[in-house]
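Asks: Structure in structure tokens, see below.
The values are calculated or read from the model by the stated rules, or taken from the named source; none is laboratory data. Quick caveat, the model's predicted, so the values are computed rather than measured. Cβ sites come from the backbone with ideal geometry, for glycine too, and all protein chains shown count toward neighbours. Keep in mind that these areas ignore ligands, DNA and RNA; they rest on the heavy atoms of the full protein, side chains included. Shrake-Rupley method; radii C 1.70, N 1.55, O 1.52, S 1.80 Å.
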Amino acid sequence: MGAENENKTLTINGETIAPGENKLLQLNIARLPTGTLIDIPVHVFNGKRAGPTVLVQAGLHGDEINGVETLRRMLQENKFAIKKGAVIVVPILNIFGFIHFSRDVPDGKDVNRSFPGRKTGSLASRIAHTYTEQILPQVDFGIDLHTGGSQRHNHPQARYTSGDAQSEALAKAFNAPFYFASKLITGSFRKATYKMGIPTMVYESGESMRFDENAIAIGMRGVENVFQFLGMVSKGKKVKQEPSIHLESTRWIRAPRAGMFIPQVGNGEAVNKGQVLGLTTDTFTKKNKKVKAPYDGHVICVNHQAVVNQGDALFHIGR
């Protein structure tokens, strides 16, 4: 193999990973009050032949466990045996949140609102800083796995940054049932990578602290689809997949009144303008209010909370 076709050597946290080498590294972050060290496990798979380096991560919010299980299964099934380029796999970024069943770190701060972070900042900021300094300089593309928040169940969907053609191409190649542009949020991982010129897509599916087999299966297949799109793996047997539907815009439909919430459509369903999506009703059956679709579109998230307050987000609709 000519030197020009050999992949680059990666250097993370002072350790080198040569072409053709795989390593499990530990990024030291901090200690628990007991003195126990907390490290972020980082799996690195460096192919022999030249190609892009892709970061695949989950657990940025510690309670979003579908992505964690997606990457665990892919590691177990040796799905990162790439031929070209390299893959950096981080199954759990927010270790603190994971062990506390929490979205955030113990001081209540969100790591995904703390990028690029500061060395002497809050715990969330220090995690973001270490990650920005050690991992991101190696990366050409990013895949970030998430779920909906508490009680909000996201139908499988890929999100990209508006105006970033490469992140849109990644989201389309991932081939979730839906994909659409999503705004950059200050302090988010995706905004930090955007500023660094790293096209990044986000996969959202399921809800926090609940395994969803469909979400996991689509996530595993989606990551492999991106590897094929980037030419990092040999083309396997082609599996027929329904094409991803592009949504031009999305909108949250909120509770018109407080009460019991009864959905009447399924997640992922196509709906028509004026169609009844669900009801909010008081416990005495004296009053109820129909929640209707504002336009033709698709349901991409349903709130599973049975009792809601006025203004709570009930459905996310895309068109």
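Asks: Taking only segment 38-82 into account, find how many residues are closer than 21 Å to Ile198 by Cα, within 20 Å of the chain's Cα centre (by Cα) and small (Gly, Ala, Ser).
Replies: Residues flagged as closer than 21 Å to Ile198 by Cα, within 20 Å of the chain's Cα centre (by Cα) and small (Gly, Ala, Ser) within segment 38-82 amount to 3.
Asks: Only residues that are assigned to a loop (DSSP other than H, G, I, E, B) and in contact with a Phe, Trp or Tyr (Cβ under 8 Å, 6 or more places away or on another chain): list them for segment 68-101, please.
Replies: Residues of segment 68-101 assigned to a loop (DSSP other than H, G, I, E, B): 77-83, 91-94, 100-101.
Once the filter is applied, which keeps residues that are assigned to a loop (DSSP other than H, G, I, E, B) and in contact with a Phe, Trp or Tyr (Cβ under 8 Å, 6 or more places away or on another chain), segment 68-101 yields Phe80, Ala81, Ile82, Ile92, Leu93.
Asks: Here's a follow-up. Being of a type in the set (A, V, I, L, M), open to solvent by less than 70 Å² (accessible area, probe 1.4 Å) and out of contact with any Pro (no Cβ under 8 Å at 6 or more places or on another chain): is that true of Val54 here?
Replies: Judged against the criteria, Val54 is a match.
Asks: Show the residue pairs meeting these rules: Cβ distance below 9 Å; 6+ apart or different chains; first residue within segment 213-224 and open to solvent by 70 Å² or more (accessible area, probe 1.4 Å); second residue at pLDDT below 95.
Replies: Arg221/Val239; Arg221/Gln241
A quick yes/no check of all residues on (1) of a type in the set (S, T, N, Q); (2) assigned to a helix (DSSP H, G or I); (3) under 20 Å from Ile300 (Cα atoms); (4) open to solvent by less than 20 Å² (accessible area, probe 1.4 Å):
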{"site": "His146", "(1), (2), (3), (4)": "no, no, yes, yes"}
{"site": "Ser150", "(1), (2), (3), (4)": "yes, no, yes, no"}
{"site": "Gln166", "(1), (2), (3), (4)": "yes, yes, no, no"}
{"site": "Leu170", "(1), (2), (3), (4)": "no, yes, yes, yes"}
{"site": "Ala176", "(1), (2), (3), (4)": "no, no, yes, yes"}
{"site": "Ile198", "(1), (2), (3), (4)": "no, no, no, yes"}
{"site": "Phe211", "(1), (2), (3), (4)": "no, no, yes, no"}
{"site": "Val226", "(1), (2), (3), (4)": "no, yes, no, yes"}
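Asks: Quick one: is Leu71 modelled with pLDDT of 95 or more and either farther than 30 Å from Arg152 by Cα or of a type in the set (Asp, Glu) (or both)? Walk me through how you get there before you give the answer.
Replies: Values: modelled with pLDDT of 95 or more: yes; either farther than 30 Å from Arg152 by Cα or of a type in the set (Asp, Glu) (or both): no.
Spelling it out, it is not the case that Leu71 is modelled with pLDDT of 95 or more and either farther than 30 Å from Arg152 by Cα or of a type in the set (Asp, Glu) (or both).
Asks: Condition check: of a type in the set (A, V, I, L, M, F, W, C) and either closer than 23 Å to Ser182 by Cα or open to solvent by 10 Å² or more (accessible area, probe 1.4 Å) (or both). Does Ile88 satisfy that?
Replies: no
Asks: Kindly indicate the residue of segment 281-303 that is assigned to a loop (DSSP other than H, G, I, E, B) and either closer than 23 Å to Ile245 by Cα or modelled with pLDDT of 95 or more (or both) and also least open to solvent (accessible area, probe 1.4 Å) among those meeting that condition.
Replies: Ala293
Asks: Take the residues of segment 91-130 that are of a type in the set (S, T, N, Q) and closer than 16 Å to Lys191 by Cβ: which is surrounded by the fewest Cβ atoms within 10 Å (Cβ to Cβ)? Explain how you work it out, then say what you get.
Replies: If we filter segment 91-130 for residues that are of a type in the set (S, T, N, Q), which is where we start, we get 94, 102, 112, 114, 120, 122, 125, 130.
Next, from what is left, pick out any that are closer than 16 Å to Lys191 by Cβ: 112, 114, 125.
Values: Asn112: 23, Ser114: 26, Ser125: 21.
So, considering only residues that are of a type in the set (S, T, N, Q) and closer than 16 Å to Lys191 by Cβ, the one surrounded by the fewest Cβ atoms within 10 Å (Cβ to Cβ) is Ser125.
Asks: Here is a further query. Hey, could you check segment 264-280 for residues that are surrounded by fewer than 17 Cβ atoms within 10 Å (Cβ to Cβ) and not in a loop (DSSP other than H, G, I, E, B) and say which is modelled with the lowest pLDDT?
Replies: Leu279
Asks: Right, here's the next one. Given the structure, is Lys119 farther than 16 Å from Leu60 by Cβ and of a type outside the set (Ser, Thr, Tyr)?
Replies: Against the criterion (farther than 16 Å from Leu60 by Cβ and of a type outside the set (Ser, Thr, Tyr)), Lys119 qualifies.
Asks: Do you know which residues across segment 15-35 are open to solvent by 70 Å² or more (accessible area, probe 1.4 Å) and of a type outside the set (Asp, Glu)?
Replies: Within segment 15-35, Thr16, Asn22, Leu24, Gln26, Asn28, Arg31, Pro33, Thr34 meet the criteria.
Asks: Hey, another quick one. Could you count how many residues in segment 228-277 are closer than 30 Å to Ile82 by Cα and among the hydroxyl-bearing types (Ser, Thr, Tyr)? Even if it seems obvious, please write down each step before you answer.
Replies: Going residue by residue through segment 228-277, those that are closer than 30 Å to Ile82 by Cα are 228-246.
Then drop every residue that is not among the hydroxyl-bearing types (Ser, Thr, Tyr), which leaves 234, 244.
So the answer is 2.
Asks: Then there is this: Out of the strands (runs of 3 or more DSSP E) lying entirely within segment 2-67, which hold 2 or more residues that are among the aliphatic types (A, V, I, L, M)?
Replies: On the way: elements: 10-12, 15-17, 22-31, 37-46, 49-57.
In segment 2-67, 10-12, 22-31, 37-46, 49-57 are the strands (runs of 3 or more DSSP E) which contain 2 or more residues that are among the aliphatic types (A, V, I, L, M).
Asks: Testing Glu15 on (1) under 17 Å from Ile135 (Cα atoms); (2) under 24 Å from the mean Cα position of the chain (by Cα), one condition comes back false. Which one is that?
Replies: The one condition Glu15 does not meet is (2).
Asks: When you scan segment 273-319, how many residues do you find that are closer than 19 Å to Ala181 by Cβ and either more than 21 Å from the chain's Cα centre (by Cα) or of a type in the set (Ser, Thr, Tyr) (or both)?
Replies: 3
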